Each structure stands twice: as C-alpha cells, then as structure tokens.
Amino acid sequence: MPARRLKTSLNKTTRTFVNLLPIVLGMLLLTSLAVTLFPESLSAGLFGHSDILDSLIGASIGSIAAGHPLTSYVLGGELLRSGVSLIAVTALVVSWVSVGIVQLPAEMLMLGPRFAIYRNVICFFSAITISFLCVYTLRVIG
C-alpha cells in the first residue's frame, strides 16, 4: 500500500515538473532579457523626478525584472552610485524579490490565479510603502 502511494506521488510530481518546465524556462529567459535591456544611462533619465514617481518606477522595474536578492543588492548599489534616490532603489529591491510579473503564469498555475494576482498587487504596494518607511525612518534616526 505505501509503495503504491509513493509511486502515484512520484508520477504526479514528474508530470507537474514536466508541465512547469517550459514556463520556468520562459520566465528565466524573460528575466535575463529584462535585466540586459536596462542600461545604466537609462536609469539617470528615468529617476530623479519626485519621491512618489521614483518609487513607482522603481517598484515597476523591480516587478518585471524579478531575480535573486543578491543580484538586486548589486544593482541597487550601482543605481545609488549613479545618483538614483534611495526611495527608488529600495522600492526596486523590495519589489525585485517579492513581486514577480514574469513569474506570474507559473505562480497562477501552482497557487491559483486569484491568490497569485492578489499576492503580487499587495506586494507591489507594500514595496512602495516600505521604501518610504525605510527612507523616512533613516532620516528621523539621523
């Protein structure tokens, strides 16, 4: 009996993995493309308008170019070095690791469309809120 359940579970897992493989590969390719298409000169023209607009742009870029947190820290450091505001960089980094527009099809398949969309919308607005709270807390502290 336990051997039959194990075999059934392994078959379901294998089918799920095979069905998800094209989506995951597409997600990785789109993420790589988005990161490559974002040159340093573009960041200077995009940011620097206002805190609200900078945080919206940062969160939007981070939502599309989802990736590993370590990569976002390197990108954030480079953006700070090129003069992008801390609010924009914080929104970008937080949304980079919490929102996943590129990963949305895979997430919808695994967790359901309603949950995936709600989670991404909540995380997007949370990234903007966190960016303001982070920067203004640092200003109050000193």
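Packing, taken as the mean count of other beta carbons within 10 Å per residue, orders the peptides 116-129, 84-97 from highest to lowest as 84-97, 116-129. Remark: the TYR118-LYS12 segment gains 35.4 nm on full extension, using 0.36 nm per residue and subtracting the alpha carbon distance. Full extension of the chain between ARG4 and GLU78 gives 21.3 nm of extra length, using 0.36 nm per residue less the Cα-Cα distance. Sequentially through the stretch 108-121, phi angles give Karplus couplings (6.51, -1.76, 1.60; θ = phi - 60°) of 5, 5, 7, 10, x, x, 4, 4, 4, 5, 4, 4, 5, 5 Hz, Gly and Pro residues having no value and appearing as x. In order along the stretch 94-105, the Karplus-derived 3J(HN,Hα) couplings, from 6.51 cos²θ - 1.76 cosθ + 1.60 at θ = phi - 60°, round to 5, 6, 4, 9, 10, 10, x, 5, 5, 8, 4, x Hz, and Gly and Pro are given as x.
Read-outs: derived from the displayed coordinates by stated rules, not from any lab. Owing to the predicted nature of the structure, the values given are computational and were not obtained by experimental measurement. FYI the Cβ positions are ideal-geometry reconstructions off the backbone, even for glycines, and counts take in every protein chain you see.
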